[in-house]
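Taking it in order: structure first as structure tokens, then the write-up.
The values are calculated or read from the model by the stated rules, or taken from the named source; none is laboratory data. Keep in mind it's a predicted model, so treat the numbers as computed, not measured. Neighbour counts are summed over all protein chains in view; Cβ atoms, including those assigned to glycine, are modelled from backbone coordinates with ideal geometry. The protein model used for the area step is the full one, side chains on, heavy atoms only, and it has no ligands, DNA or RNA in it. Shrake-Rupley method; radii C 1.70, N 1.55, O 1.52, S 1.80 Å.
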Amino acid sequence: MAKLYFRHGTMGSSKTANAIMVAYNFYERGKRALLAKPRQDTRDNGVIRSRIGLEQKCIYVDELCRMTDAEIQGYDCVIVDEAQFCRKSEIEFFIHIVDDLDCPVICYGLRTDFRRELFEGSMWLLAWADVIEELKTVCWCGRGAKCNARFTEDGEMIRSGEQLFIGGNDHYTALCRKHYKEGNLGPKMLE
């Protein structure tokens, strides 16, 4: 019986690397995994790329949602990166893939944004996923990181603004709740 998975974590918790490794595990066993990402992820056209350099070709979620059931049934698994950017209707389509086509869908994404507010895709995945797993990473202090902090080029933490701002280590870091609350990005940011 197929399931809808939501594997969430803060920035830097290896979500994308994990997604690519899961796809490779399917490939090694002679299975086909379809990788997809929302169009809002504008960093690499048609490619999922991790911070450590792993990369794999992908399609966009809107293309996935236009595929026929027969086309989707040609795959053994669907893997969605940056799922926090998905819309409710796209999450509902993932449920169709799982429940009606008996194909597992594994979604990777952030749970909350830099303001500690849920993304639309994350909210519906938290509500409807069969399995919810946290991919963990640590704050600069060594505690578990639960918060995504956005910062300026000058190293000042940003607490308001548009939810969607694509960036990596140059604009985001993962913090524990204490240091997020304090706005303390750590000694590395003070250099």
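In angstroms, what radius of gyration and Dmax does the stretch 14-59 have, counting Cα atoms only?
According to the Cα coordinates of the stretch 14-59, Rg and Dmax are 10.5, 31 Å.
Stretched out fully, how many nm does the piece from residue 123 to residue 59 gain, at 0.36 nm a residue minus the Cα gap?
Length difference between fully extended and current span is 20.8 nm.
When the Cα atoms of the chain are enclosed in a convex hull and the volume is divided per residue, what value in Å³ results?
Value for the chain: 118 Å³ per residue.
With charges set only on the Cβ (+1 for Lys and Arg, -1 for Asp and Glu), what does the dipole of the chain come to about its Cα centre, in debye to the nearest 20?
Charge dipole of the chain: 720 debye, to the nearest 20.
If you take the beta carbon distance between residue 32 and residue 136 as r and set R0 to 41 Å, what does 1/(1 + (r/R0)^6) give as a FRET efficiency, to the nearest 0.05?
0.90
Leaving ligands, DNA and RNA out of it, report the carbon-plus-sulfur percent of the accessible area of the stretch 1-116 at a 1.4 Å probe.
Answer for the stretch 1-116 is 46 percent, counting heavy atoms of protein chains only.
Kirkwood Rh over Cα pairs of the stretch 1-95 into Stokes-Einstein at 10 °C, 1.306 mPa s: D in µm²/s?
My calculation gives 116 µm²/s for D.
Taking N as the number of residues in the stretch 107-152, what value does Rg over Cα atoms divided by 2.2 N^0.38 Å take?
For the stretch 107-152, the normalised Cα radius of gyration is 1.27.
Please list 150, 49 in order of solvent-accessible area, largest first, computed with a 1.4 Å probe with all protein chains present.
The residues order as 49, 150, largest area first.
Per residue Cα convex hull volume for the stretch 38-94, in cubic angstrom?
Dividing the Cα hull volume of the stretch 38-94 by its residue count gives 89 Å³.
Which length gain, in nm to one decimal place, applies between residue 73 and residue 88 when the Cα-Cα distance is subtracted from 0.36 nm times their residue separation?
Length gained, residue 73 through residue 88: 3.2 nm.
I need the semi-axes of the equivalent ellipsoid of the stretch 56-141: take the C-alpha gyration tensor, multiply each eigenvalue by 5, square-root it, list largest first in whole angstrom.
Each semi-axis is √(5λ); the values are 25, 13, 12 Å.
Just to confirm, what accessible area per residue do you get for the stretch 14-147 at 1.4 Å probe, in whole Å²?
50
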